[in-house]
Amino acid sequence: MADSLKNSSMTKLFIRTNPQTAKKTLLLFWNEMSKDKKSVWIYSICIPINRLLYIVLLPLLFSLVIQSLITNPHNWQYPILLLGIGVIVSIISLVVGDIGFRRLFRHEERMRTSLTVFAMDTLLAHSDQYFANKKVGSLSGDVDKFGDSILSFLDVIFLQASGIIVNFIASLIIIAFLSPILLLPLTIVTVYLVWKSAKGAARRGPLRHQRKLLQSKLNGTVADIIGNQQIVRYFATTDSEISRVISARSKIESIANSEIDIMQRESILRQAVLFGFQIATLAACVWLYTHDMVSIAALVFAVTYLGRLTGSLFEISPLIRNTEQAFLNASGITDILDETPEVKDTHTARPLRVTDGSVGFSTVDFRYKDSSGGNVIQGLSLSIAGGERIGLAGLSGGGKTTLTKLLLRFADSNKGTITIDGQDITKVSQHSLRENIAYVPQEPYLFHRSLRENIAYGRQDATDQEIYTAIDQANARDFVDTLPDGLNTVVGERGVKLSGGQRQRIAIARAILKDAPILILDEATSALDSESEKLIQDALETLMSNKTSIVVAHRLSTIARLDRIIVLENGKIIEDGSHGKLLKEQGVYAKLWSHQSGGFIEE
């Protein structure tokens, strides 16, 4: 069955336009279908039988009933027998159809779930840098369409194609039986229409693919505008943003109009050919009848099934269009399969085993893939003892945050090694690595979920008591108790219902609850006012106790009490020591400290 799918004329049309993407999509579909071969066999057999009985055999039986009543109105036994057979056929058709369609629809939903999970897993395997170059709206749309694509594909095969093929073959056989002389022109017309539909699909293919790409970009633009709706209103730029959408839609509309022109030319030609064929065939049938070469019953049957057959031919072009659309819906994710994740586990990756939490950087170089500049980190070597608390200081662009991202393996270094307890982090699984690190980023990330779910995200089995303990330690109890639904309060997308300082404290509470042996705080108190910062310092002291802690800060008061302070400049360590030691040296750190205003570095 896999080979028949790959070699089908419909899929070849799309493969010519997007060869690699289409083949990968087809392989994904088949692999997914093969997970439940029993269901595939059941609906592959039951649905065609249902179509044969319902679309072909029942109309034939009813036609015979009418013919019998017309030719011999006094004989009711034969029509009643035919009607009885028709009832039995109807029942069989309903039962077989119910079995087949029920299996198909349930299998489709399972595959839709599986493909959506696969799409999410594929996307989440990529690094931060990958998402920095993508629009979230486009990606989320691609994930949704990818799950739908398998439904479209199977519906085309089993709901559309099966009926068309069964109807076409049965009608062809009946016409050939009644009047073999009609087979030659019928074959010529069929081949011609299929050929024209194939040519039309080949012309439309690039247009549809281009329209899909533009629509994906537009989805991303709309999501970007809605996500930043406050900025749009602040700057009174609603009209310009709408103009941006109109401009994008105009391009899509122009391509769609080109597609419509091609389809309508096909449709007019197809209708003209079929109409001419029907007239010619009807004339031939009348001629055959007048020359006593066919009976009136055969003539009626021939004309009836000729209409059914031409109807099937008329459905070829829409069938091909729907097949193309199914592949296009999947192409957004299958294209991503060609993009190798920047960070991935080796085949022999093992779980990280943390004993005392020592961290080591050895002659590490790093530069961003798409950056035109030099290395962000240059030949950096640093040893952090287990349980040691260090601060990273320096002007923006010095490499502080980049260093923490390398430790988390959000990116891999270009040179050198990074170790935890002597284990090269590129040789351990990313999952186990990040399980052992609690991370509070500069911009706190909150889900559009309840406060409880957000705080317990790193420890989803945490009790409410444990959650409230973390809230207290993060100095967040004062505002949590004022929320209308307490821990059940939904914080909005990205935590929009909370202030910046409140979001930051929730992120800190999340890190406290995770209780990982290694802690990274990247400007974790930057969104707090001075009073809240003072209150949270003691909590952070408790949090960092017996943990290897790396704290990135512009507000130097945040790191003044740490064991060591590392000063970075242009990706290199230029100073290393305690707060007191670095002040005495009167170097860069001392200068930064003296230039602070309200606790922040003046740059």
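If you check residue 146 against the conditions, is it within 30 Å of residue 247 (Cα to Cα) and surrounded by 15 or more Cβ atoms within 10 Å (Cβ to Cβ)? Judged against the criteria, residue 146 is a match.
Per this entry, residue 207 is not counted among residues that are at pLDDT below 75 and in a helix (DSSP H, G or I). The set of residues in region 392-415 that are assigned to a loop (DSSP other than H, G, I, E, B), polar (S, T, N, Q) and either in the same structural domain as residue 125 (by the TED database) or buried (at least 20 other Cβ atoms within 10 Å of the Cβ) (or both) contains only 413. The residues listed here are 549, 557; of these, the one that is surrounded by fewer than 19 Cβ atoms within 10 Å (Cβ to Cβ), within 44 Å of the chain's Cα centre (by Cα) and within 29 Å of residue 469 (Cα to Cα) is 557.
Listed here are the residues, each with its yes/no results for (1) assigned by the TED database to the domain that holds residue 162; (2) within 30 Å of residue 408 (Cβ to Cβ); (3) modelled with pLDDT under 90; (4) in contact with a strand residue (DSSP E or B) (Cβ under 6 Å, 6 or more places away or on another chain).
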| site | (1), (2), (3), (4) |
| --- | --- |
| 81 | yes, no, yes, no |
| 92 | yes, no, no, no |
| 100 | yes, no, no, no |
| 103 | yes, no, no, no |
| 116 | yes, yes, yes, no |
| 121 | yes, yes, yes, no |
| 125 | yes, yes, yes, no |
| 131 | yes, yes, yes, no |
| 135 | yes, yes, yes, no |
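Close contacts from region 63-80, counting a first residue that is surrounded by 16 or more Cβ atoms within 10 Å (Cβ to Cβ) and a second that is of a type in the set (Phe, Trp, Tyr), with Cβ to Cβ under 8 Å and a gap of 6+ residues or different chains, come to 63/301; 68/78. Could you list, in sequence order, all residues of region 211-263 that are of a type outside the set (Gly, Ala, Ser) and either in contact with an Asp or Glu (Cβ under 7 Å, 6 or more places away or on another chain) or in a loop (DSSP other than H, G, I, E, B) (or both)? Selection gives 225, 228, 232, 235, 237.
Within region 453-486, the residues that satisfy the criterion of being hydroxyl-bearing (Ser, Thr, Tyr) and loosely packed, with under 15 Cβ neighbours inside 10 Å are 463, 482.
The conditions are (1) surrounded by fewer than 15 Cβ atoms within 10 Å (Cβ to Cβ); (2) in contact with a His (Cβ under 8 Å, 6 or more places away or on another chain), and residue 342 fails exactly one of them. Which is it? Of (1) surrounded by fewer than 15 Cβ atoms within 10 Å (Cβ to Cβ); (2) in contact with a His (Cβ under 8 Å, 6 or more places away or on another chain), only one is false for residue 342: (1). Test each condition in (1) in contact with a helix residue (DSSP H, G or I) (Cβ under 9 Å, 6 or more places away or on another chain); (2) farther than 29 Å from residue 24 by Cβ for residue 74 and report the one that comes out false. Just one mismatch for residue 74, condition (1).
Just to check your reading of the model, which residue among 246, 225, 242 is free of Cβ contacts under 8 Å to residues at least 40 places away in the same chain and buried (at least 16 other Cβ atoms within 10 Å of the Cβ)? Of 246, 225, 242, the one residue that is free of Cβ contacts under 8 Å to residues at least 40 places away in the same chain and buried (at least 16 other Cβ atoms within 10 Å of the Cβ) is 225.
Picking from residues in region 426-450 that are modelled with pLDDT of 90 or more and hydrophobic (A, V, I, L, M, F, W, C), the one that is farthest from residue 502 (Cα to Cα) is 428. Restricting region 416-431 to residues that are surrounded by 17 or more Cβ atoms within 10 Å (Cβ to Cβ) and in a helix (DSSP H, G or I), the residue that is farthest from the chain's Cα centre (by Cα) is 425.
Scan region 319-335 and tell me whether some residue there is in the same structural domain as residue 156 (by the TED database), under 25 Å from residue 168 (Cβ atoms), modelled with pLDDT of 70 or more and surrounded by fewer than 16 Cβ atoms within 10 Å (Cβ to Cβ). So far as region 319-335 goes, no, none of its residues is in the same structural domain as residue 156 (by the TED database), under 25 Å from residue 168 (Cβ atoms), modelled with pLDDT of 70 or more and surrounded by fewer than 16 Cβ atoms within 10 Å (Cβ to Cβ).
One residue stands out in region 51-77 among those that are part of a helix (DSSP H, G or I) and aromatic (Phe, Trp, Tyr): the one that is farthest from residue 157 (Cα to Cα), namely 62. Restricting region 92-132 to residues that are crowded, with 17+ Cβ neighbours inside 10 Å and aliphatic (A, V, I, L, M), the residue that is farthest from the chain's Cα centre (by Cα) is 96. Each residue in region 282-303 was checked for being part of a helix (DSSP H, G or I) and either crowded, with 21+ Cβ neighbours inside 10 Å or at pLDDT below 70 (or both), and 9 of them qualify. Within region 438-451, does at least one residue satisfy the condition of being in a helix (DSSP H, G or I), within 23 Å of residue 344 (Cα to Cα) and in contact with a helix residue (DSSP H, G or I) (Cβ under 7 Å, 6 or more places away or on another chain)? Within region 438-451, none of the residues are in a helix (DSSP H, G or I), within 23 Å of residue 344 (Cα to Cα) and in contact with a helix residue (DSSP H, G or I) (Cβ under 7 Å, 6 or more places away or on another chain).
The values are calculated or read from the model by the stated rules, or taken from the named source; none is laboratory data. Nothing here was measured: the structure is a model prediction, and the numbers come from that model. We place every Cβ from the backbone using ideal geometry, glycine too, and count neighbours over all the protein chains shown.
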